[in-house]
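Take a look at the structure set out below.
Bear in mind that the values in this text are calculations on the coordinates, not laboratory data. Just so we're clear, the structure is a prediction, and the values are computed from it rather than from any experiment. All Cβ positions, glycine included, derive from the backbone under ideal geometry; neighbour counts span all protein chains shown.
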């Protein structure tokens, strides 16, 4: 694990990506505790320019922009993470199952995934939200459901490769149960796509959830949220750009950082597999193995 | 060097060194040799010896991560290594060409054979079909226009390799480098391809470097042989001399490891493993494994010196005989009494979907005996092995284990049957889960059938490892930390830990070097004798069966064409197909053309 981290950092883009992600995550998670004002307090008139007291000015309602930015990030982060875990988790599970079971199970799972993917996904999400109301858990589940079929395809392909290997054959010849083969033989060998897929899907979740909030289907005002802020303050873009620009900047930095980091991760895991490791000594045969082999040979003469 | 000397030599390599970029560790060092026009040099070595790297270096090419750091490669009075990169492709076209190992990937699957052949001429647009057909006829591909219009996937492996060879010889270059071009082919096709190469080189005075791990192939093809070890040529000379009277202890050991098809000879492994770049000792690289080592060997790398005219060796004690154990690794001969068979097959038929693969297979595996199942790729031998191992269930007909019916498919067998029949796979790199330590893999196999306590588990694992001559510390290692031979021994340990009665060995040595193969064969013979294990040994290598088995079953197209005692089958084959197979096996002892 530390070796993979080291390799990510040795790639310039990986280090930049990690730094960007850490900065945005720190703002979102520490922000709520250091925000100077209540995000819902009316501190000044609408779209006030930055002053010493209000470094980013105020928004359309006269709230302090800095406080709203600091307190408006954690929900989107938690929702995206939850949606990604849900989507990648179910997708991976079904994908591996389909890839290992093959035959009818494979067909059933993958055609169901095709059906899900056939709907325009944002529209489908909007339909459910307009039926059930803008609930945050619903938003999370829907974004997860958008990911799952695509993730399932990736994992089915990865599993098909691993499932053809002889160590899986060997477990089958011992009569090991299918679920144990999936957990013990296949899952550990698809961790690279798992991590890469998680990183890419997380970046996608952030933009999806921010997008839905922007459309008014996510976090509802007056609760502060980066996606909502972009929408509610865009009418005052000419008066004071900060309430719009700062949330946009943070979301952009987070997704760019996440993509760079994932890219570096993929390259680090790819490159690591075949590198000769000069630090760990080669395993020597049993002390006297040479002599033993000659002795064995002698016996057989 | 005079101009006259240049004309007599097709290729002159001096002090070629290829190193890892950045770290500067040499992968190939100090390679020097010359080739006359029409001469074929066999470049022999085990995996990791640098033979492919050297072969590519001759074309002034190197794989990613390597650099050619020193030396000269002279062809036609020009040093290839001083030619700027953008001029190289044009120069290579007329001077030196390459035939890669896997023709399946060397040919572009999206282009017709005609297009790919024509690219080797100076003006691809103006080449007429007759020229190309003549070219194909030279490599014994019957001159039909249909072949020119075909795509690579429509050709067999042997035909693809012939096309690749035709492409290399098309412009009549001075030198052709061939990197194991027959490795994936069956013996009959291989024999034909080798014949073609020999003829092309002789007719057009083209020098060739033939890279191979197979001493027998080289013996039947090359006039001279260079043996590589740990990135250096350790011995070079006329094929006859090098193979009959080797001067370097490594060459001697390598030759002893090669099984001989014609007689029941001993095969011996080489203990230890070749050092990787960066771990090579300061003195002679072979010193740590050499039975003749003296302190001076460890002091400095010996130079490649001529011992006899044209026969050079990199050793300070050349040609000294290796005393000590005259070990013979012969398998035990057939048991006198014939007890009830462990496994009996009676008219076994296997399908893949609607296709019948095996047509009525019947034979016995005797108690404590080893049956060799021999056949070329596609003969159905692996399907048969998988059927017996419970990995293929579309079967009908009789399988009996110790007299009781053996159900098809491991899911239909009880735990006891699954334990008693164990399967060892061809490729040890794929048969052990890379994410688990060796010990964990062995433990999981054991825990499938028993529930031993912690100390008992540990004891059984180290016992199994000891049986295959691996140290107990190997249990904590991941597969990528072990060499191929060690991995295959670990895979055998995983089978042994459950105390099986029948071991199915599916091409267990075909992914390994000959010196390692000999170690595995010795180990299996030992197990057969000491533990009363019965074995089914599947192989395509006819030469190997004498060293391990008491009887042989020869398969072709899903049928048994010959069965009987080993010596009977190999010395007095009855079926015409067996005779053909035996005739095409490259002989170590065969006279050099």
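Quick check: residue separation of residue A:178 and residue A:215 times 0.36 nm, minus the Cα distance between them. What number comes out in nm?
Difference between extended and current length: 8.8 nm.
Take the alpha carbon atoms of the stretch B:434-502, find their center, do the same for the stretch B:355-374, and report the distance between the two centers in whole angstrom.
28
Starting with the fewest neighbours, write out A:114, B:102, A:59 ranked by other beta-carbon atoms found within 10 Å of each beta-carbon. If you can, show how the numbers build up before the last one.
Numbers: A:114 11, B:102 16, A:59 25.
Listed from fewest to most nearby Cβ atoms, that is A:114, B:102, A:59.
State, to one decimal in nm, how far the label point of residue B:565 lies from the label point of residue B:137, with both points 7 Å from Cα in the Cβ direction.
5.1
Return the FRET efficiency for the residue pair residue B:94, residue B:580: r is the Cβ-Cβ distance, R0 is 45 Å, and the value is rounded to the nearest 0.05.
On the way: r = 40 Å, r/R0 = 0.88.
With R0 = 45 Å, the Cβ-Cβ based efficiency is 0.70.
Evaluate the relative contact order of chain B (contact order divided by residue number), counting alpha-carbon pairs under 8 angstrom at least 6 apart; express in whole percent.
Relative CO of chain B lands at 15 percent.
Using only DSSP helix segments of four residues or longer, with each worth -39500 (n - 2.57), what per-residue ellipticity at 222 nm results for chain B after dividing by its residue count and rounding to 500?
-9500 deg cm²/dmol
Restricting to the protein assembly as shown, what percent of DSSP beta bridges are antiparallel, rounded to 5?
On the way: 48 of 84 bridges.
Percent antiparallel among DSSP bridges in the protein assembly as shown is about 55.
How much of the pair distance distribution for the stretch B:1-72 lies past 13 Å, counting alpha-carbon pairs only, in percent?
Cα-Cα pairs in the stretch B:1-72 separated by more than 13 Å: 67 percent.
Report the antiparallel proportion of the DSSP beta bridges in the stretch B:166-266 as a percent, rounded to a multiple of 5.
About 55 percent, rounded to the nearest 5.
Once you average over the residues of A:172-181, how many Cβ atoms of partner chains fall within 10 Å of each Cβ? Kindly include the intermediate steps, with their values, before the conclusion.
Details: counts 8, 14, 16, 13, 6, 1, 1, 0, 2, 0.
Mean shielding by partner chains, rounded to a whole number: 6.
Suppose R0 equals 30 Å. What FRET efficiency, 1/(1 + (r/R0)^6) with r the Cβ-Cβ distance, do residue B:23 and residue A:16 give to the nearest 0.05? Intermediate results must be reported in sequence, preceding the final value.
Numbers: r = 27 Å, r/R0 = 0.89.
Efficiency, from the Cβ-Cβ distance: 0.65.
Return the average number of partner chain Cβ atoms within 10 angstrom of each residue Cβ along peptide B:273-282.
Details: counts 4, 0, 1, 3, 2, 2, 4, 0, 0, 0.
For peptide B:273-282, the averaged partner shielding equals 2.
Using a 7 Å offset from the Cα along the Cα-to-Cβ direction at both residue B:476 and residue B:321, what is the distance between the two label points in nm, to one decimal?
Between residue B:476 and residue B:321, the simple spin-label model gives 4.6 nm.
Antiparallel as a % of all DSSP beta bridges within chain B, to the nearest 5?
Of all bridge pairs located within chain B, approximately 55 percent are antiparallel.
Would you please classify the overall shape of the stretch B:446-593 from the alpha carbon gyration tensor, given that a ≥ b ≥ c denote the square roots of the eigenvalues, rounded means a/c under 1.5, and beyond that prolate means a/b larger than b/c while oblate covers the rest? Walk me through the numbers on the way to the answer.
Values: a/c = 2.92, a/b = 1.94, b/c = 1.51.
Verdict is prolate for the stretch B:446-593.
What is the list of residues in the stretch B:434-478 whose amide nitrogen lies under 11 Å from a point 7 angstrom out from the Cα of residue B:404, following Cα to Cβ?
None, by backbone N distance to the label point.
If packing is taken as the average number of other Cβ atoms within 10 Å across a peptide's residues, how do B:15-27, B:168-180, B:485-497 rank, most packed first?
Peptide ranking by packing, descending: B:485-497, B:168-180, B:15-27.
Is the shape of the stretch A:1-89 best called rounded, prolate or oblate, per the rule: a/c under 1.5 gives rounded, else a/b larger than b/c gives prolate, else oblate, with a ≥ b ≥ c the square roots of the Cα gyration tensor eigenvalues? Walk me through the numbers before you get to the answer.
Numbers: a/c = 3.49, a/b = 2.00, b/c = 1.74.
Prolate shape, in that a/c is at least 1.5 and a/b is the bigger ratio.
I need A:61, B:167 ordered by Cβ neighbour count within 10 Å, fewest first.
A:61, B:167
Ranking B:539, B:105 by Cβ neighbours within 10 Å, fewest first, what do you get?
Working: B:539 23, B:105 11.
By the 10 Å Cβ count, ascending: B:105, B:539.
Using a basic spin-label model with each label point 7 Å from the Cα along Cα→Cβ, how many nm lie between residue A:45 and residue B:122?
8.6
Using Cα centres only, tell me the gap between the stretch A:103-119 and the stretch A:49-66 in whole Å.
Answer, in whole Å: 51.
Which shape class, rounded, prolate or oblate, goes with chain A when its Cα gyration tensor gives a ≥ b ≥ c as root eigenvalues, a/c under 1.5 marks rounded, and past that a/b bigger than b/c marks prolate?
Oblate is the answer for chain A, as a/c is 1.5 or above yet b/c matches or exceeds a/b.
Quick one, what does Rg over Rh come out to for the stretch B:267-320 if you take C-alpha atoms and the Kirkwood Rh?
Result: Rg/Rh = 0.99.
Tell me, what are the semi-axes, in whole angstrom and largest first, of the equivalent ellipsoid of chain B as set by the roots of 5 times the Cα gyration tensor eigenvalues? Present the calculation step by step, with values, prior to reporting the outcome.
On the way: eigenvalues 367, 186, 99 Å².
The equivalent ellipsoid of chain B has semi-axes of 43, 31, 22 Å.
Note down the relative contact order for the stretch A:66-185 as a percent, whole number, built from C-alpha pairs under 8 angstrom at least six residues apart.
Relative contact order here is 40 percent.
Quick one: Cα centre-to-centre distance for the stretch B:59-124 and the stretch A:128-182, in angstrom?
If we compute the Cα centre of each part, the gap is 46 Å.
Based on the alpha-carbon gyration tensor of the protein assembly as shown, what equivalent-ellipsoid semi-axes (square roots of 5 times the eigenvalues) come out, in whole Å, largest first?
Gyration-tensor ellipsoid for the protein assembly as shown: 58, 37, 28 Å.
If each residue of separation counts as 0.36 nm, what is the full-extension length gain between residue B:529 and residue B:172 once their alpha-carbon separation is subtracted?
Values: separation 357, 0.36 × 357 = 128.52 nm, distance 5.56 nm.
Gain on stretching residue B:529 to residue B:172: 123.0 nm.
May I ask you to derive the FRET efficiency for residue B:377 and residue A:160 from their Cβ-Cβ distance with R0 = 22 Å, giving the value to the nearest 0.05? If you can, show how the numbers build up before the last one.
Details: r = 23 Å, r/R0 = 1.05.
Plugging the Cβ-Cβ distance into 1/(1 + (r/R0)^6) gives 0.45.
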